[in-house]
Each structure stands twice: as C-alpha cells, then as structure tokens.
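This report refers to the structure that appears directly beneath it.
What follows is calculated from the coordinates using simple rules that are stated; it is not laboratory data. What you see is a predicted model; the values in this text were computed from it and never measured. Cβ coordinates were reconstructed from backbone atoms using ideal geometry, including for glycine residues, and neighbour counts include every protein chain displayed.
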Amino acid sequence: MKGTRYISEQELARRWRAVRQEMERAGVGALVAFSSPQLMARGLLRWLADWPTPVFEEYLVMPLEGPVTLFVHDASEAEFARASCAADEVKIIPALEYVSDPCRGAAELIKALGSKNIATAGRGMSAAFQASLAQNLESLPLADLKPQLEHLLMVKSPEEIRLSEAAVKLNEEVFRYYVGLVKPGGHEVDAVAETSRFALSLGAEELYWMSSSGPVPGLALMAQARESAHVWEKGDCHCIILEHAAAGGHMGETTHLLSLGKPKEEYARAFAAVGEAQVAAASKIRPGARVGELAAASEETLTKLGYAGMFTAGVPIGHGQGVDVWEIPCIATGDETVIEPGMRFNLHPSVRLADGAVITSCDCWVAEGSDARRLSSLPREIIEV
C-alpha cells in the first residue's frame, strides 16, 4: 500500500484493516466494491483507494489477504490510477466488455484467488454490472457488505474530519465571494459561472450548485436557473446552495438566503426560527444519544415558535456527509442510530410559509468526545445585499 496525494498511508491502512475485519466477521473471502458517477454513489472508491469516479462506473476487488486491484474504464485512466491511487494493481476493463460483460475481469480474479464467499458494497451498481458479476461467478453466493461499509464511512477519523473542515471552509469562502456579485441588474447564471472559476482556483474538485431567485424564496436546480436566466431586482430573495468537494474529495455544504434589500419580516422570522431549530438539534449531538433526538428537537422548536403545520413531521432535517454528498445517518425522528465521536451532521430543517416560500439554511457539525463542534461559521440571519 502507498499513501496518496491526499490520504496518508496510515489512514489508508486503517480503512483497509477495518474493511477486512468486517469481511472476516461475515466470512467473506473477497469484496467487490463499486462506485458510479451518481452524486450520492461515487465515494466508496475514493474512500478505499483515493480514486475518483467522475464519469464511469468502476470497481475494485479486495481479498481478505493480498493485493487490492482496481478495474478502470480505459488506458488513460489506468495510467493516472497507477500514479495516484492506493490500489496495488490496476487493470483495464476491455472496451467491448465494458458494455456487454463489465465484471468478467473481477470474476476471473476472484476465481483465481480461490475465494468462495464473495460480497459486494457500494451504491448505484447498474443492472448490467450486477448481471455480469452474477453470471460470471456462476453459483458462488453474493453477500452484501454495504451496511457495514456505510457505517465505516459514517464515523470519521481525525484525518477525515480535517478534510471535512477544509471542505466546509472552502464552500463558505466561495459563498462569500459569490455574495459580492449579487446586486440589482446582475445575472444569476453569470455570477454562478464566475464564482465556479473562483472555486476551482481554490482547489475545488467538483462543483454542485442549486440556485433560485425571485420575490418568494424557494429551491431550484441549476437547470431551472439557467432556463430562467434571472436578472436580479430590488426586492428579490435568493436561495443558494453549494455542495462543492474540496481537494481530497470530501464535501461541504453551504445553504443560505440572500435578500436584495431589507427582507420581509415574516421571512426574517422564519429564517431565525430555522436557525434556532438547528441549535436545538445540535445540542443533542453527544455520544450515546440517538440521531432521531436531533430531528425531534428541531421539530419541537419550530412548533414552539409557531411553525406547526409548516414543516412535514418525520421528513429528514439533514444527513451525514463525507466523500459522498449524502451519507448516513439520515437525521429523522425515530432514527435509532447511536451517535459516536467522528460523525458528521448537516442540519437543514425548513419551513414552508403560506405564500409558498421555502425557508432553509444548513449548519455543519461534528460529534466529539462529549458534545459537538460547529464547522459552519455563517450568521443565522438572512444576508442583506
């Protein structure tokens, strides 16, 4: 094993050791771990081998003992992987097989290793990859180690927390730059484009935006923002969401509401209430507590502040985050996941007002030895520009 540009050899050894312990407990001799370009399904190979999968569905084979082999899409990727990732060996999925039989190489390797009990892990494995793996392994059973590996990703090491902190910091620095471009007469999509260039100059690896502008606050995908080609006017509200990946692949989240001029009083009150709900939820982050307590505290606070019926009880108020934009835990009432030091929490409760306004923001936290530490630093008020 070798350290990589972003992950130390010691950290990678910790991860591989933890995965192999889970394999041993499950009686598994070889693991096929996969990732895809989907926003919430590309992080596992980054976590296991510091290998990004921005375009293609790819996978690695990890035996209980012996070298880890990464299978990539083409020769250029293989050259990059051999120079930069932590896998011991890199193989290319032949071009014709990538479409017709993409997991034949994995099955042949597993058979050569003599492994009888096989497991898979990862999100979003395509039907073609599933069918190819099952067909080539013939009668060998396939277990699922996804829950165990998702738990490993959920509880961050000190090195992973440092990467998360850097990601949140990057997103906030990008956000502050963006705020300076928001003004009457400005074009929303032009500001996003200019700020994207700024984010890349800071070392951001991947960019994810949501952007919505108009007299009533709301949420919208960037495709909608491009279609509307909004030009800001005095009196607009602008909700902006950034979930960019910093160098090393870890994600951060910044969600905030801007007002071009003094915001309406009902919007300001609702935004402050969302902030109080975040504080109430964060106060429950302590080892041994249950994740559902966070959501319950948020909902109780919003109800006390007069927003009963303006949020959907039981709907998640947040999630974990790391090498995937969305990781467990799912922060919802009734979730019995026990909080451990190192767990990351993105808290973004929301309310919907009578005029259809959606009011929300995001606060990022990490569980520590006895309580929690806030990673975010933005104010809990609407920002007036």
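Applying the Karplus relation 6.51 cos²θ - 1.76 cosθ + 1.60 with θ = phi - 60° to the range 174-181 yields 3J(HN,Hα) values of 5, 4, 4, 4, 4, 4, x, 9 Hz, where x marks Gly and Pro. Amide H contacts of Gly318: Ile331, His348, each under 5 Å away and 5 or more positions distant or on a separate chain (H built 1.01 Å from N in the peptide plane; Pro and chain starts excluded).
Label positions at Ala13 and Ser370, each projected 7 Å from the Cα along the C-beta direction, are separated by 3.3 nm. Here, the range 9-154 is characterised by an Rg to Rh ratio of 0.92, where Rg is the alpha-carbon radius of gyration and Rh the Kirkwood radius. Val182 sits among other residues whose Cβ lies under 14 Å from its own Cβ, and their net charge, with Lys and Arg +1 and Asp and Glu -1, is -3. Dividing the C-alpha radius of gyration of the range 158-384 by 2.2 N^0.38 Å, with N its residue count, gives 0.99. Applying a DSSP loop filter and a limit of 14 other Cβ atoms within 10 Å to the chymotrypsin sites (Phe, Trp or Tyr not before Pro) in the range 288-385 leaves nothing.
Relative contact order of the range 105-166: 39 percent, from C-alpha pairs under 8 Å at least 6 residues apart in sequence. Does the range 186-284 come out rounded, prolate or oblate by the C-alpha gyration tensor, with a ≥ b ≥ c the root eigenvalues, rounded set by a/c under 1.5 and, if not, prolate when a/b is larger than b/c and oblate if not? Judged from the Cα gyration tensor, the range 186-284 comes out oblate (a/c at least 1.5, b/c at or above a/b). Based on Cα contacts under 8 Å between residues 6+ apart, the chain shows a relative contact order of 14 percent. In this rough spin-label picture, where each label sits 7 Å from Cα along the Cβ direction, the Phe56-Arg82 distance is 1.5 nm.
Between the Cα long axis of helix 265-282 and the first principal axis of the chain there is an angle of about 40°, rounded to the nearest 10.
Under a model in which nothing but the beta-carbon of Lys, Arg (+1) and Asp, Glu (-1) is charged, the chain shows a dipole of about 460 debye around its Cα centre. Helix 9-25 and the longest principal axis of the C-alpha atoms of the chain enclose an angle of approximately 70°. When both bridge partners sit in the range 158-384, DSSP labels roughly 95% of those beta bridges antiparallel. The Cβ shell under 10 Å around Glu206 holds other residues with a net charge of -1, Lys and Arg each +1, Asp and Glu each -1. Magnitude of the charge dipole for the range 158-384, about its Cα centre and with charges confined to Cβ atoms of Lys, Arg (+1) and Asp, Glu (-1), is about 480 debye. Selection among Val182, Ser350, Cys364 by position relative to the dipole of the chain gives Cys364 as farthest towards the positive end (Cβ unit charges, Cα centre). When DSSP beta bridges are restricted to pairs lying wholly in the range 9-154, around 45% turn out antiparallel. Each DSSP beta bridge with both residues in the chain is either parallel or antiparallel, and the antiparallel ones are about 75%. The tail of the calculated P(r) for the range 161-204, taken as Cα-Cα distances beyond 15 Å, holds 43 percent of the pairs. Projecting the Cα atoms of Pro158, Ala127, Tyr267 onto the charge dipole of the chain, computed from C-beta unit charges around the Cα centre, puts Pro158 farthest toward the positive end.
In the chain, one over the average inverse separation of all distinct C-alpha pairs is 22.2 Å, which is the Kirkwood hydrodynamic radius. For the peptides 53-61, 74-82, the ranking by mean Cβ contacts within 10 Å, running from highest to lowest, is 53-61, 74-82. For the range 134-145, the Karplus equation 6.51 cos²θ - 1.76 cosθ + 1.60, evaluated at θ = phi - 60°, returns couplings of 4, 5, 6, 8, 6, 8, 5, x, 10, 8, 10, 9 Hz by residue, with Gly and Pro reported as x. With point charges of +1 on the Cβ of Lys and Arg and -1 on the Cβ of Asp and Glu, referenced to the Cα centre of the chain, which listed residue (Val28, Phe311, Ser283) lies farthest in the positive direction of the dipole? Value: Ser283. Taking amide H as placed 1.01 Å from N in the peptide plane, the amide H of Gly342 sits under 5 Å from that of Ala367, Glu368, each at least 5 places away or on another chain. Reducing the range 176-247 and the range 316-363 to their Cα centroids gives an inter-centroid distance of 22 Å.
Calculated translational diffusion coefficient of the range 138-225 (25 °C, 0.890 mPa s; Stokes-Einstein with Kirkwood radius over alpha-carbon pairs) equals 150 µm²/s. Only Lys, Arg, Asp and Glu carry charge here, each on its Cβ (+1 for the first two, -1 for the last two); on that basis the range 134-243 has a dipole of about 320 debye about its Cα centre.
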